[in-house]
């Protein structure tokens, strides 16, 4: 099941690119601009097909995004059917169409999740309390100490701890993360049975907890230890009914604020020479794959939640005035209109070409950081 969910997550991730570019495609066509190519990924080209309408569909080897190639994309181009010949309002709508489609995709996904069960991934996550019901609250293993009773017993990351008790006695259910250390402390040094759920299968694993003396002595060192040797975390699903669309919008606003704050911290760390801290604030294709791989064991709700957040992040990034992205192209066009100066093809290519190269360098650097972080 987890493999199928991982594949679903990757397909949905690619679909976000298709949805984004489809927005550009539709609005460009509706405003009289000829679309010459609809591409998934960046060249070199892996596959292509020419439609009767003249549109070229392509799939490319670099899975870092996608593009719609319009006729006469330079602002200085004035040939019939070209992007350059379109008026400023039409250009604005074309550039922002991808952002609008990603916002719409995020809204739909989050609304559906609010109806069926939304994971709580953000502190104080937005919801309407009087219309919120907790469907499940799982205690999961987020970290395992090396050489701990948990590691020796074969416990794994993301195992759900259902209960724990002394061997041969009744097992006490574990319903929240604060409960686990209290239970293990009361059973210090004893042989216990830990009931877990892994990949939908319930298992009972036996081990012996560390004694109180060992744990107390470790707290006086730089390597404190626990009785079982795990760090728990909670995975909660909560459901709304009539307020689902409101919850979706409220959460989108909350995540947008957190994203902008994260970008601000990353830029601040980068400009002050703390590149490692800046890298910890962002993630790239490898990080997204690792996140989907990890989330595939938690169920389809987690996968849909991550895809929704990525869709919202794509909208935010493409709305910002970053050269080579939609917001950057639109910002440069509006800037030269405000300055009442013509935007030459050479100047436009230099601005966005330089921006694209910088983005590619950042993607490579972030991918290196992600590889070290996750693998």
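The values are calculated or read from the model by the stated rules, or taken from the named source; none is laboratory data. Because the structure is predicted, anything quoted here is derived from the model rather than measured. Counting neighbours? That spans all protein chains shown, and the Cβs are built from the backbone with ideal geometry, glycine included.
Pick from 329, 340: which is on the phi > 0 side of the Ramachandran plot and at pLDDT 75 or above? Before you say what the answer is, go through the steps one by one.
Working: 329 fails: on the phi > 0 side of the Ramachandran plot.
On inspection, the qualifying residue turns out to be 340.
Considering each of 149, 181 in turn, give the residue that is in contact (Cβ under 8 Å) with a residue 40 or more places away in the chain and surrounded by fewer than 20 Cβ atoms within 10 Å (Cβ to Cβ).
Selected residue: 181, the only one of 149, 181 that is in contact (Cβ under 8 Å) with a residue 40 or more places away in the chain and surrounded by fewer than 20 Cβ atoms within 10 Å (Cβ to Cβ).
May I ask you to say which residue of 135, 110 is more than 30 Å from residue 193 (Cβ to Cβ) and not in a loop (DSSP other than H, G, I, E, B)? If you could, list the steps in order and put the result at the bottom.
Details: 135 fails: more than 30 Å from residue 193 (Cβ to Cβ).
Residue meeting the stated conditions: 110.
Quick check on this structure: which one of 94, 161 is in contact (Cβ under 8 Å) with a residue 24 or more places away in the chain and either closer than 29 Å to residue 249 by Cα or part of a helix (DSSP H, G or I) (or both)?
Working: 161 fails: either closer than 29 Å to residue 249 by Cα or part of a helix (DSSP H, G or I) (or both).
That would be 94, the only listed residue that is in contact (Cβ under 8 Å) with a residue 24 or more places away in the chain and either closer than 29 Å to residue 249 by Cα or part of a helix (DSSP H, G or I) (or both).
Does residue 308 count as within 18 Å of residue 260 (Cα to Cα), surrounded by 16 or more Cβ atoms within 10 Å (Cβ to Cβ) and either in contact with a strand residue (DSSP E or B) (Cβ under 7 Å, 6 or more places away or on another chain) or assigned by TED's automatic domain parsing to the domain that holds residue 93 (or both)? Break it down stepwise before answering.
Working: within 18 Å of residue 260 (Cα to Cα): yes; surrounded by 16 or more Cβ atoms within 10 Å (Cβ to Cβ): yes; either in contact with a strand residue (DSSP E or B) (Cβ under 7 Å, 6 or more places away or on another chain) or assigned by TED's automatic domain parsing to the domain that holds residue 93 (or both): yes.
It is true that residue 308 is within 18 Å of residue 260 (Cα to Cα), surrounded by 16 or more Cβ atoms within 10 Å (Cβ to Cβ) and either in contact with a strand residue (DSSP E or B) (Cβ under 7 Å, 6 or more places away or on another chain) or assigned by TED's automatic domain parsing to the domain that holds residue 93 (or both).
Determine, yes or no, whether residue 169 is modelled with pLDDT under 90, at positive phi and not assigned by TED's automatic domain parsing to the domain that holds residue 250. Give the derivation first.
Numbers: modelled with pLDDT under 90: yes; at positive phi: no; not assigned by TED's automatic domain parsing to the domain that holds residue 250: yes.
The answer is no for residue 169.
Inspect all residues belonging to the range 123-140 and state whether any of them is out of contact with any strand residue (DSSP E or B) (no Cβ under 6 Å at 6 or more places or on another chain) and under 30 Å from residue 223 (Cβ atoms). Even if it seems obvious, please write down each step before you answer.
As a first pass, look at the range 123-140 and keep what is out of contact with any strand residue (DSSP E or B) (no Cβ under 6 Å at 6 or more places or on another chain): 123-131.
Next cut, under 30 Å from residue 223 (Cβ atoms) only: 123.
Yes: one or more hits.
State the number of residues belonging to the range 184-210 that are buried (at least 17 other Cβ atoms within 10 Å of the Cβ), out of contact with any helix residue (DSSP H, G or I) (no Cβ under 6 Å at 6 or more places or on another chain) and touching a residue at least 40 places away in the same chain (Cβ under 8 Å).
Of the residues in that region, 5 qualify.
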